[in-house]
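**Q** One structure coming up, written as structure tokens, with questions to follow.
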Amino acid sequence: MATEIKFEQVNYWYQAGTPFAVQALKNIDLHITPGSFTAVVGQTGSGKSTMIQHLNALLKPSSGTVTIGDQVITNETNNKHLKPLRKKVGMVFQFPENQLFEETVLKDIAFGPQNFGVSEADATALAKRMAAEVGLDESLLSRSPFDLSGGQMRRVAIAGVLALEPEVLVLDEPTAGLDPRGRLEIMQLVTQLRDEQGLTIVLITHQMDDVANYADHVLVMGHGELIKQGSPREIFSDPKWLEAHQLGLPSATKFAYELQQAGFRFDTMPLTVDELADELAPQLQKGANSHE
Amino acid sequence: MNKVMFGRFIPGHSWVHRMDPRAKLVLSFLYIAVVFFANDFWTYLIMTVLLLASVAASAIPLKVYIRGLLPLFWLMIFTVLIQVFFGAGGHVYWQWGWLVVSQNGLNSAGLILMRFVLIILVSTILTFTTEPLEIADGIESLLSPLRKVHFPVATLALMLSLALRFVPTLMDEAEKIMNAQRSRGVDFGEGGLRQRIKTIVPILIPLFVNAFNRAIEISTAMEARGYQDGENRTKYRLLKWHGVDTVSLVIYVISLGAVFALRYFS
Ligand SMILES: Nc1ncnc2c1ncn2[C@@H]1O[C@H](COP(=O)(O)OP(=O)(O)O)[C@@H](O)[C@H]1O
Ligand SMILES: [Mg+2]
């Protein structure tokens, strides 16, 4: 049941064999364990989007193998056998609101399941459940998706993918272009899906705070290569390396490094605001006491 | 969609790349017009040699051009078959009911195929070596005499360059939308005709909605910067006629003139 994903020596060329050929992935080896929350970070153009399109076989490796559950995908794999994967691995693209097309919100959410043979009645029931899950008001369900706000359209699109009832949910910068509140709500939804329904999450993001707060494994991409992987704590323990690769620190960690320059001491660098508060409180207490 | 080479620009500094877009447009049109006058071995030989020389002068490998022809493969097969079966007359090689393969049919099929390939290749030389915006500038400049009769040349050129500019953007967008719908379980290119038409709707609607939104944004952005239609504006890129253009023109006129001479005076 649990879907494990493995990349072995995966290379990918766009437009292979033309003068425009670009190698977007170079010798990628990676492993995504069931139930994990994996964050993928890296500069624009580093190959993140290309990598995740291998997770449901929208792209097939030019060489190497991708294993998704019990299915092995190579360059020679026949496209006919890929459809079950699309249900197992749900894919929320960047700006997913661009995929909406139905007359009503409800019909759009129910579109996916029907492509996998779910009856219209069952798909509609599923769509209602998913709309509630992503926090869409019932009154919106009969409206045209094109009349909604950007944030609402994005929820409709995410609900449309959740309606496939995937085991793995892949999201490509799902909070890009949203206001802070919209961002927080989407991230809360994603963690809730992982914690309550046991979905495996793969998230592309530029928000290091999100990485620190939610992820348990981080993949760092650079120029098509997987240049580093590990827990958020491991990744954020080397600010110089991160800066050299034009990646930031979580704001709490950044603040802690600045405090360190000013004489504070941290045994382990805090990644989140809560951790920072836990580390700071005793030191501030001591400082306050010593002034008495 | 990544595999479509037809209509794409390949940067370079070859003889053909350096030519004035107006020269390339005029020569391509001349060539296409003269293709229809070629009718025997020698005239086709001249046309083919001229084309291959132009391909060589573009410094883009022939195999890239051939790949550009592949998407049109079925269209070519179809036209050829129509010609083979419906061009009656001459010696009959094979017959089955009303399907007849005759000498005339084969001849005209060969001719059509040859013309087809030559015309596609010569247009491909133009698009491979000329940026879309240069083509638009060239067309505008060639049409500029029509200003005298109050033809809106500048407006037409603007429409053309905007359209050309957004072809690749729309193609990228179509690909993204297709991937998103594939992820929701749509099988493109499968099932019967009805099924296939049904799969077009989830691509076309988002594509149109995005294209309209983008058009509105662009017009707002242009108006915000004071753009006015139909003004006499100057150009950032000026078109200049060089020696390469004159030399190419002379070569083309001589070769194409030879085709005429062979057809009408031999
Ligand atoms: N459809 C495509 N055709 C050609 N090249 C592409 C295409 N998509 C992406 N690329 C190239 O592949 C590289 C990786 O892109 P991408 O995976 O989108 O990176 P990221 O998501 O990290 O920004 C980039 O150099 C990009 O220009
Ligand atoms: Mg990307």
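The values are calculated or read from the model by the stated rules, or taken from the named source; none is laboratory data. For clarity, every value in this text was computed on a predicted model and none was experimentally measured. Quick reminder, even Gly has a Cβ in these numbers, built from the backbone with ideal geometry, and neighbours come from all protein chains shown.
**Q** Just need a number here: residues in region B:166-181 that are within 16 Å of ligand 2 (Cβ to nearest atom), buried (at least 16 other Cβ atoms within 10 Å of the Cβ) and either more than 24 Å from A:A159 (Cα to Cα) or aliphatic (A, V, I, L, M) (or both).
**A** 2
**Q** Quick one: how many residues across region A:186-226 are under 19 Å from A:I28 (Cα atoms) and either in a helix (DSSP H, G or I) or outside the structural domain of A:K48 (by TED's automatic domain parsing) (or both)?
**A** Qualifying residue count, region A:186-226: 0.
**Q** Continuing with the same structure: If I ask for residues that are under 17 Å from A:S49 (Cα atoms) and either more than 16 Å from ligand 1 (Cβ to nearest atom) or not assigned by TED's automatic domain parsing to the domain that holds A:G198 (or both), which ones from region A:73-96 would you list?
**A** Matches in region A:73-96: A:R86, A:V89, A:G90.
**Q** As an exercise: evaluate A:T268 against (1) within 16 Å of ligand 1 (Cβ to nearest atom); (2) more than 14 Å from chain B (Cβ to nearest Cβ); (3) in contact (Cβ under 8 Å) with a residue 24 or more places away in the chain and give the number of the one condition it does not meet.
**A** Going through (1) within 16 Å of ligand 1 (Cβ to nearest atom); (2) more than 14 Å from chain B (Cβ to nearest Cβ); (3) in contact (Cβ under 8 Å) with a residue 24 or more places away in the chain one by one, A:T268 breaks only (1).
**Q** Is it the case that some residue within region B:240-251 is touching a residue at least 60 places away in the same chain (Cβ under 8 Å) and surrounded by fewer than 10 Cβ atoms within 10 Å (Cβ to Cβ)?
**A** yes
**Q** Go through region A:149-185 and give me each residue that's assigned to a strand (DSSP E or B) and more than 16 Å from ligand 2 (Cβ to nearest atom). Spell out the reasoning first.
**A** Taking region A:149-185 as the starting set, the residues that turn out to be assigned to a strand (DSSP E or B) are A:168-172.
If the condition is that a residue be assigned to a strand (DSSP E or B) and more than 16 Å from ligand 2 (Cβ to nearest atom), then A:V168, A:L169 are the ones that fit.
**Q** Could you tell me whether any residue of region B:130-137 is buried (at least 17 other Cβ atoms within 10 Å of the Cβ) and closer than 27 Å to B:L45 by Cα?
**A** yes
**Q** Of all the residues that make up region A:51-87, how many are within 12 Å of another protein chain (Cβ to nearest Cβ) and in contact (Cβ under 8 Å) with a residue 60 or more places away in the chain?
**A** Count: 5.
**Q** Please list, ordered by residue number, the strands (runs of 3 or more DSSP E) wholly in region A:14-105 having 3 or more residues that are within 13 Å of ligand 2 (Cβ to nearest atom).
**A** Output list reads A:37-42.
**Q** Further question on the same structure: So how many residues does region A:9-62 have that are within 10 Å of ligand 1 (Cβ to nearest atom) and at positive phi?
**A** Total meeting the criteria: 4.
**Q** Restricting the search to region A:186-229, which residues are small (G, A, S), out of contact with any Pro (no Cβ under 7 Å at 6 or more places or on another chain) and away from ligand 2 (no atom under 16 Å from the Cβ)?
**A** Matches in region A:186-229: A:G198 only.
**Q** In this structure, is A:Q197 free of Cβ contacts under 8 Å to residues at least 40 places away in the same chain and closer than 30 Å to A:N115 by Cβ?
**A** Here the answer is yes, as A:Q197 does meet what is asked.
**Q** Separate question: Just to be sure before I move on: is A:D122 modelled with pLDDT of 95 or more and either surrounded by fewer than 18 Cβ atoms within 10 Å (Cβ to Cβ) or in contact with a Ser or Thr (Cβ under 6 Å, 6 or more places away or on another chain) (or both) in the structure I sent?
**A** For A:D122, the condition - modelled with pLDDT of 95 or more and either surrounded by fewer than 18 Cβ atoms within 10 Å (Cβ to Cβ) or in contact with a Ser or Thr (Cβ under 6 Å, 6 or more places away or on another chain) (or both) - is met.
**Q** So, one more: Only one residue in B:G189, B:G226, B:G185 is within 14 Å of another protein chain (Cβ to nearest Cβ), at positive phi and exposed (fewer than 10 other Cβ atoms within 10 Å of the Cβ), so which one is that?
**A** B:G189
**Q** Please go through region B:167-182 and give me each residue that is β-branched (V, I, T) and either facing another protein chain (nearest Cβ under 7 Å) or in contact with a Ser or Thr (Cβ under 9 Å, 6 or more places away or on another chain) (or both), ordered by number.
**A** B:I177
**Q** Just give me the residues in region A:255-292 being of a type in the set (G, A, S) and modelled with pLDDT of 85 or more, in sequence order.
**A** Result: A:A256, A:A262, A:G263, A:A277, A:A281.
**Q** Quick one: which residue in A:A281, A:A244, A:A256 is without any contact (Cβ under 8 Å) to a residue 24 or more places away in the chain, over 30 Å from A:I227 (Cβ atoms) and of a type in the set (G, A, S)?
**A** A:A281
**Q** Here's something else I'd like to know. Of the residues A:G160, A:G90, A:G117, only one is within 11 Å of another protein chain (Cβ to nearest Cβ) and without any contact (Cβ under 8 Å) to a residue 24 or more places away in the chain; which?
**A** A:G117
Table: residues versus (1) exposed (fewer than 14 other Cβ atoms within 10 Å of the Cβ); (2) in a loop (DSSP other than H, G, I, E, B); (3) modelled with pLDDT of 85 or more.
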| site | (1), (2), (3) |
| --- | --- |
| B:A88 | yes, yes, no |
| B:N104 | no, no, no |
| B:L121 | no, no, yes |
| B:F128 | no, no, yes |
